[in-house]
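Following: one structure in structure tokens, then a few remarks.
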Amino acid sequence: MTTKKPAASETGDPLLLTPGPLTTSASVKQAMVHDWGSRDAGFLAISKLVLDKIVELAGAQGTHVTVPVQGSGTFAVEAMITSFVPRTGKLLVLSNGAYGQRAKKIAEIADRAVTTYETPEDTPPDLAKLEKLLIDDQAISHVFAVHCETTSGILNPIAEIAEIVAKQSCRLLIDSMSAFGALEIDARKIRYDALAASSNKCLQGVPGLGFVVCRNTALATCKGNATTLVLDLFDQAEALARTGQYRFTPPTHVIVALGKALEEHAAEGGVAGRGKRYRDNAKVLIDGMRAMGFQTLLPSELQAPIIVTFHMPTDPRFVFQRFYDGLKDRGYVIYPGKLTVADSFRIGCIGRLYPEHMKGALAAVREVLDELQVSSGRPQAHSRAGEG
């Protein structure tokens with residue numbers, strides 16, 4: 001029996017403890033109630049401010065430009081790979097989860113030469129092995145890396161990867177979808193040709209706009225590379241620079257909402273402030289779940305404060321669907337696991353969530369476990385690395 005009133009966001013919706021889409025503020029939602037002409041001067045001014053602000057958050061003023069892509073984050077990743085890797089190039093994908101695997105598939109469909117350095121979902125790439133791969137295969141022109149791989153929640157060593165890629169005179173493409181806006185990735189310190197992210201992750205907008213932060217000098221060499229019209233970053237950038245407008249219908253409501261979300265991001269203290277809140281959320285969550293016997297997949301040094309993977313309890317009375325439904329009845333929506341290394345589920349720490357929301361989620365977890373008559377979330381014996 002539910003003993004607590006269901007949790008809700010400030011607009012009455014369930015709280016999304018997922019990697020995105022995620023809980024947004026009432027003011028971001030309110031920004032979408034108006035209609036905008038795609039060629040209206042007011043809308044174009046908001047659009048320009050959004051693109052300029054993203055470059056600023058990347059620490060890339062003067063060296064990079066933001067090129068928007070209508071669609072989800074994967075649209076931006078596909079645009080990045082197919083625009084930046086030429087037909088004569090070769091892509092090395094660093095993969096420790098679903099998003100590395102997806103990048104490989106994109107390259108294959110686009111008929112680009114591609115090779116993969118794959119590690120398990122709970123294991124970052126070995127940097128010495130990466131360097132040897134680049135030395136041994138001089139055909140590799142570009143390297144694709146995921147900043148935070150939400151398949152497990154692992155934080156990959158992006159700065160160290162960038163240093164090795166630059167040392168071997170290769171070009172780096174980064175999927176920072178689940179990290180940009182909360183985890184620092186300063187273009188003045190980390191060299192990359194392109195970085196893909198989207199409106200509906202750590203920037204706390206709504207889904208519908210991907211974007212790629214592109215090094216100007218690298219983008220200038222991309223003419224003719226694209227394999228599709230709509231995902232041609234060179235053409236999109238050229239049109240924006242020349243006319244200030246998208247080539248095709250922009251998601252006006254999404255862009256205006258992102259403008260509001262970026263205002264709130266700045267008011268929170270930018271990347272540092274947003275990242276601190278997420279780290280606070282993650283600490284409350286991890287400490288509370290471990291106190292109930294749950295074990296995290298990752299050790300603390302590999303755990304990003306974005307989404308946390310927990311091993312499934314092995315108590316036979318624990319049935320995940322009933323656990324999931326019980327939490328949803330109380331207003332908390334979590335995420336199933338999709339790992340090969342462990343039977344697991346995930347709980348997100350991002351969006352319009354604060355430590356008090358995480359405490360409420362923990363109380364709901366305890367209630368549901370009691371309903372299921374599960375005394376502990378402890379799994380079978382695993383590596384103890386995820387316990388502290």
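None of the figures in this text is laboratory data; all of them are computed from the coordinates on show. Everything quoted here is computed from the prediction, not taken from an experiment. We place every Cβ from the backbone using ideal geometry, glycine too, and count neighbours over all the protein chains shown.
Under 18 Å Cα to Cα from residue 283, which aspartates and glutamates show up? Leave out anything in the same chain fewer than 8 places away.
301, 356, 387
What is the count of Lys pairs in the range 34-267 whose alpha carbons sit under 21 Å apart, if the two are 8 or more places apart or on different chains?
The number of close lysine pairs in the range 34-267 is 17.
If you place +1 on the Cβ of every Lys and Arg, -1 on the Cβ of every Asp and Glu, and leave all else neutral, what size is the dipole of the range 11-54 about its Cα centre, to the nearest 20 Debye? Please list the in-between numbers first.
Working: 4 positive and 4 negative charges, 23 e Å.
The dipole magnitude comes to about 100 debye.
Using 1/(1 + (r/R0)^6) with R0 = 35 angstrom and r between the beta carbons of residue 247 and residue 131, what's the FRET efficiency to the nearest 0.05?
Working: r = 40 Å, r/R0 = 1.14.
Efficiency at R0 = 35 Å is approximately 0.30.
Based on alpha-carbon centroids, what's the gap between the range 55-86 and the range 193-262 in Å, whole number please?
Cα centroid to Cα centroid, the span is 6 Å.
For a footprinting-style exposure proxy, rank 203, 369 by other Cβ within 10 Å, fewest first.
On the way: 203 25, 369 22.
Final ranking by Cβ density, sparse to dense: 369, 203.
Which of the GluC sites (Glu not before Pro) across the range 254-316 are loop residues per DSSP, with 13 or fewer other Cβ within 10 Å?
none
Under 20 Å from a point 7 Å along the Cα-to-Cβ line of residue 98: which residues of the range 351-380 have their amide N that close?
351
With label points built 7 Å along Cα→Cβ from the Cα atoms of residue 26 and residue 189, find their separation and express it in nm.
Between residue 26 and residue 189, the simple spin-label model gives 3.7 nm.
Using R₀ = 35 Å, calculate the FRET efficiency as 1/(1 + (r/R₀)^6) where r is the Cβ-Cβ separation of residue 300 and residue 35; round to 0.05. Each step should come with its number before you reach the end.
On the way: r = 47 Å, r/R0 = 1.35.
It comes to 0.15.
Mean residue ellipticity at 222 nm from the helices of the chain, using -39,500 (n - 2.57) per DSSP H segment of n ≥ 4 over the full residue count, to the nearest 500 deg cm²/dmol? Working shown, then result.
Working: 12 runs with 147 residues, N = 388.
It lands at -12000 deg cm²/dmol.
When DSSP beta bridges are limited to those with both residues in the range 34-267, what percentage is antiparallel, rounded to the nearest 5? Intermediate results must be reported in sequence, preceding the final value.
On the way: 14 of 31 bridges.
So the antiparallel bridges in the range 34-267 amount to around 45 percent.
What number comes out for the charge environment of residue 93, summing +1 per Lys or Arg and -1 per Asp or Glu over other residues with Cβ under 11 Å away? Mind showing how you got there, number by number?
Working: positive: 90, 102, 104, 105, 112; negative: 108, 118, 175.
Net charge in that neighbourhood comes out at +2.
For helix 127-136, what angle does its Cα long axis make with the longest principal axis of the chain, in degrees from 0 to 90 and rounded to 10?
30 degrees
Identify which of 150, 228, 18 has the largest mean-square fluctuation in a Gaussian network model of the chain, with springs joining Cα atoms closer than 10 Å.
Per the Cα network of the chain with a 10 Å cutoff, 228 tops the list.
How much net charge surrounds residue 141 when only the other residues with a Cβ under 9 Å from the Cβ of residue 141 are counted, with Lys and Arg +1 and Asp and Glu -1?
Neighbour charge sum, excluding residue 141 itself: +2.
Grab the Cα-Cα distance for residue 223 and residue 108, subtract it from 0.36 nm times how many residues apart they are, and report the gain in nm with one decimal.
Values: separation 115, 0.36 × 115 = 41.40 nm, distance 2.02 nm.
In short, 39.4 nm is gained.
Assign unit charges at the C-beta atoms only (+1 for Lys and Arg, -1 for Asp and Glu), then state the dipole size of the chain relative to its Cα centre in Debye, rounded to the nearest 20. The partial results should precede the final answer.
Values: 42 positive and 41 negative charges, 47 e Å.
Its charge dipole is roughly 220 debye.
Pop a pseudo-label 7 angstrom from the Cα along the beta-carbon direction at both residue 317 and residue 239 and give the gap in nm to one decimal.
My value for the distance between the label points is 6.0 nm.
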